[in-house]
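A short write-up of the structure that comes next.
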Amino acid sequence: YFNRVYSFSYLLHKLSLLLRLPLPSSSPFDYGSEMALIQFGSSCVTQWGILRPQFAVKAYYPSRLESHQDNSSMSQINCLGASRSSMFSHGSLPFLSLTGQSRNTHSRRGARFTVRADTDFYSVLGVSKNATKAEIKSAYRKLARSYHPDVNKDSGAEDKFKEISNAYEILSDDEKRSLYDRYGEAGVKGAGMGGMGDYSNPFDLFESLFEGMGGMGGGGMGTSRGSRSRAIDGEDEYYSLILNFKEAVFGIEKEIEISRLESCGTCNGSGAKAGTKPTKCKTCGGQGQVVASTRTPLGVFQQVMTCSPCNGTGEISKPCGACSGDGRVRRTKRISLKVPAGVDSGSRLRVRGEGNAGKRGGSSGDLFAVIEVIPDPILKRDDTNILYTCKISYVDAILGTTLKVPTVDGMVDLKVPAGTQPSTTLVMAKKGVPVLNKSKMRGDQLVRVQVEIPKRLSKEEKKLVEELADMSKNKVANSRR
C-alpha cells in the first residue's frame, strides 16, 4: 500500500512539474486538493474538468463515481486513461490528447491539451433531454430505418446507423442514461457499462479512446497489451439481374454466375508469403490508423486516417505471390437465385454470405442482385396494377361488345357494356401483379376504353346517322311536352 501511494505521489509530482500546476498539500486521495489521483488497480482513470483558475480531476471507482464540481465554471471533458505512470515522465509525453465538450486548446510549458467535443446523444436522436422512453424509441426506429445499411447506401450511412444505435443503447437504459446525464460518455464508459465499447479495465478504455492514434503524436506509441490483428469484413457484391415482364410478375428461379473474392488457398487468407509471419506495423504501432495533426489559429486539430503502409491491418508482411498480399483471389461461382413474384426494376435480392470474403477472419459480404425488368410493349405496370388501353368503334360503344384483351395470364374476354363513354376504365379483378411476398394477393388490370370517331363516312353511313339524329331530336322534343 505504501509503495502504491508513493508511486502515485511521484506521478503527481511529475505531472505538476509538466503542467506547472500547484502540488496538493494533502494526500493523493484528498478530494479537496486541486488535483487528486485515485488508485485503480495498476493504473488510473481520470476525468478532467476545466476550473477557474485551476484544473480538477474526477476519479472513477469500479462501483461508484466521485466528482469534484464547480457549477459556475465546469466545462466537462471526457476521460484520459493512463496505462502506466511512466508515460507522464518528462520527455515521454509530447502532449495529452483528451476528449470533451470544450474545443479550446490550453497550453502550459510546452504541453498542449487537444480537446474534442463529446457526442450529444440527444441531438443524435433528435429528442430533448426530457424525452420519454417512448419518444426515444420512436425517434430511434425512424432514424434506424432511414440509415440502415441495407436501405441507405450512402457512404456515411453505416457510421450514422452505428451512432444512432449507440445513442439509443445509452438513452434507453435508465442507469446508463443517468450516468450519461451527469458525466457524459465518460460516465458510462468509466462505470464499465458498455456503450461505445464495454470496458473491463482501464487499459481497454485507453485503447478504445485512442485506438488507431499510434500514440499521442501519431508516431506509433502502441499499448502494453500489444497489437491485435484486425478482422475486416468482406465487401458486398452486386449483380445486375435482367428479367422479362412476366418473369418479374410471377417470379422465377435462375442460375447465375458471379465473380467474387475468395480466401487465398496458398496463404490461407493471411496475405503473407509461405514460411513468414506478419509483424506489427511500425508506422501505426499495430493500430491500423494514424493521426494527422494540423496547427490552426484555433488550436491543433487532429484527423484519424487509415495507415497507408499496412492498409489499416496493423501488420506488415512479405506478400503472398498468389494474392499479392490481399489474402483473397477472385474466382467465379454459379449459384441458384430464387426470384419471388412481384419484383420490379430497382428491387434488390440479398443473398447472405455470397459476397467477397473477409480478411483475417472477417465475415463475408453479401450478394445483392439488382433487378432490371424489360418493359412489355403493350402492358404497363403501376405498382401491383396493370394498365391496358383498347380502342372500340362508336357503334360498339353505343351497342356494347365483347373484346379479347391480353393479360399476363393470356387472352381473356372482356365485356364492354352498351353506352360506354370515352375514357371509361373497366376493371379486370385480380389480373394484375402479385403482391411481393404475398403471392396469393394480386392487383387488378385496368382497361381504359378509347372510342374512335370516324373522320369520313360513306353516303349510306351518313344517311343512317342523320336519321338517328332526327330520331334523337324527336325523342328529346317529346320528352319536353
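The values are calculated or read from the model by the stated rules, or taken from the named source; none is laboratory data. Every value quoted in this text rests on a predicted model; they were computed, and no experiment measured them. No Cβ is skipped: glycine too gets one built from the backbone with ideal geometry, and neighbour counts run over all protein chains shown.
If you go through segment 242-266 and keep only what is in contact with a Pro (Cβ under 9 Å, 6 or more places away or on another chain) and either within 25 Å of Gly361 (Cα to Cα) or not assigned by TED's automatic domain parsing to the domain that holds Val329 (or both), you end up with nothing. Looking at segment 246-266, is at least one residue under 21 Å from the mean Cα position of the chain (by Cα) and either at pLDDT 90 or above or in a helix (DSSP H, G or I) (or both)? Within segment 246-266, none of the residues are under 21 Å from the mean Cα position of the chain (by Cα) and either at pLDDT 90 or above or in a helix (DSSP H, G or I) (or both).
So which of Val435, Val451, Val416 ends up being of a type in the set (Val, Ile, Thr) and within 30 Å of Pro340 (Cβ to Cβ)?
Numbers: Val451 fails: within 30 Å of Pro340 (Cβ to Cβ); Val416 fails: within 30 Å of Pro340 (Cβ to Cβ).
Unique residue meeting the criteria: Val435.
Reported count of residues in segment 305-346, each being without any contact (Cβ under 8 Å) to a residue 40 or more places away in the chain and in a strand (DSSP E or B), is 3.
With the structure loaded, tell me whether Ala418 is touching a helix residue (DSSP H, G or I) at 6+ places or on another chain (Cβ under 9 Å) and either at pLDDT 90 or above or under 30 Å from Arg348 (Cα atoms) (or both) or whether it fails that test.
Numbers: touching a helix residue (DSSP H, G or I) at 6+ places or on another chain (Cβ under 9 Å): yes; either at pLDDT 90 or above or under 30 Å from Arg348 (Cα atoms) (or both): yes.
Yes.
Specify the residue that is farthest from the chain's Cα centre (by Cα); the eligible residues are those in segment 387-444 that are within 30 Å of Lys455 (Cβ to Cβ) and of a type in the set (Lys, Arg). This residue is Lys415. Restricting attention to segment 252-266, the residues that are touching a Gly at 6+ places or on another chain (Cβ under 9 Å), touching a residue at least 60 places away in the same chain (Cβ under 8 Å) and over 20 Å from Glu235 (Cα atoms) total 0.
Candidates in segment 181-195 are the residues that are in a helix (DSSP H, G or I) and over 17 Å from Lys162 (Cβ atoms); of these, the one that is modelled with the highest pLDDT is Asp181. Being of a type in the set (S, T, N, Q) and surrounded by 12 or more Cβ atoms within 10 Å (Cβ to Cβ) is the filter; apply it to segment 330-379 and report the residue that is nearest to Ser259 (Cα to Cα). By that ranking, first place goes to Asn356.
For segment 264-283, a residue qualifies if it is in contact with a Lys or Arg (Cβ under 8 Å, 6 or more places away or on another chain) and surrounded by 19 or more Cβ atoms within 10 Å (Cβ to Cβ), and the qualifying residues are Cys264, Cys267, Gly269, Ser270, Gly271, Ala272. Quick check on segment 131-140. Is at least one of its residues more than 23 Å from Arg182 (Cα to Cα), modelled with pLDDT of 85 or more, surrounded by 12 or more Cβ atoms within 10 Å (Cβ to Cβ) and not acidic (Asp, Glu)? Yes, that holds for at least one residue. Set side by side, the residues Ser155, Ser208 differ, and just one is within 22 Å of the chain's Cα centre (by Cα), modelled with pLDDT under 80, of a type in the set (Ser, Thr, Tyr) and within 26 Å of Gly314 (Cβ to Cβ), which is Ser208. Looking at segment 399-421, can you tell me whether even one residue there is surrounded by 12 or more Cβ atoms within 10 Å (Cβ to Cβ), assigned to a strand (DSSP E or B), free of Cβ contacts under 8 Å to residues at least 12 places away in the same chain and not hydroxyl-bearing (Ser, Thr, Tyr)? There is no residue in segment 399-421 that is surrounded by 12 or more Cβ atoms within 10 Å (Cβ to Cβ), assigned to a strand (DSSP E or B), free of Cβ contacts under 8 Å to residues at least 12 places away in the same chain and not hydroxyl-bearing (Ser, Thr, Tyr).
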